[in-house]
Amino acid sequence: MLDFPTEGIAVDAAHSMKNRLTEIQGIDLSTGERVFYRNLGNQTVNIGEFLALVEGVKYIIGNRHKPALVYSDSTTAITWFNGKYTSSKKRNKLLQKAEIYLKIAWSYISEVEVRHWNGKAWGENPADFGNKK
């Protein structure tokens, strides 16, 4: 079994179809503190996961957080992040801004390590909203 991560930022998103609400947040793994939260309005869970990952990286860069490490449990978000482009059909300003940020700030962003949260070995992502039924 892999050791549970105790450093870095864990990010996640939740989408409620009933409330038409997508939320994102980031949790500092060393303190358990929520370091960011945003209500994105009515998006999709993949968009939320991607924007949470971008927000986590921005937090690390802006606060010189060490280690420069972000965890996401979304392989789609990590793929979009690494490609600096989403394949979502839902285009909006939030996605456009995130994609532009990834392209223009890549020299800073490339210093941040993005890892997949291994839910099978570690359990639920600490940034999870706990809305699953």
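What lysines does K120 reach when the alpha-carbon gap must be under 26 Å and sequence neighbours fewer than 8 apart in one chain are set aside?
Of all the lysines, those that pass the test against K120 - Cα under 26 Å, at least 8 places apart if same chain - are K66, K132, K133.
Is any helix in the chain, taking whole DSSP H runs, at least 18 angstrom long along its axis by alpha carbon and on average at least 0.5 on the Kyte-Doolittle scale, and which ones?
TM-like helix candidates: 45-63.
As a test, work out the antiparallel percent of DSSP beta bridges whose residues both lie in the chain, rounded to the nearest 5.
Just about 65 percent of them are antiparallel.
When you take every Cα atom in segment 61-112, what is the radius of gyration, and what is Dmax, the widest Cα pair distance, in Å?
For segment 61-112, the Cα-based Rg and Dmax read 11.8, 35 Å.
For the chain, what is the Kirkwood hydrodynamic radius in Å, using each pair of distinct C-alpha atoms?
14.8 Å
Could you give me the percent of Cα pairs per 10 Å distance bin for segment 15-60, shortest bin first, beginning at zero and ending with the bin that holds the maximum distance?
Over segment 15-60, the share of Cα pairs per 10 Å bin runs 30, 48, 21, 1 percent.
Calculate what fraction, in whole %, of the accessible area of the chain sits on carbon and sulfur atoms when a 1.4 Å probe is rolled over the protein chains.
Here carbon and sulfur together make up 50 percent of the probe-accessible area.
What does the charge add up to near A105, with Lys and Arg as +1, Asp and Glu as -1, over the other residues with Cβ less than 11 Å from its Cβ?
Surrounding charge for A105 is +2.
To the nearest 20 debye, what is the magnitude of the charge dipole of the chain about its Cα centre, counting +1 on the Cβ of each Lys and Arg and -1 on the Cβ of each Asp and Glu?
Once rounded to the nearest 20, the dipole reads 740 debye.
The values are calculated or read from the model by the stated rules, or taken from the named source; none is laboratory data. Since we're looking at a predicted model, the values are computed, not measured. For neighbour counting, all protein chains shown are included, and Cβ atoms are generated from backbone atoms with ideal geometry for every residue, glycine included. For accessibility, only protein heavy atoms count, side chains too; no ligands or nucleic acids. Shrake-Rupley method; radii C 1.70, N 1.55, O 1.52, S 1.80 Å.
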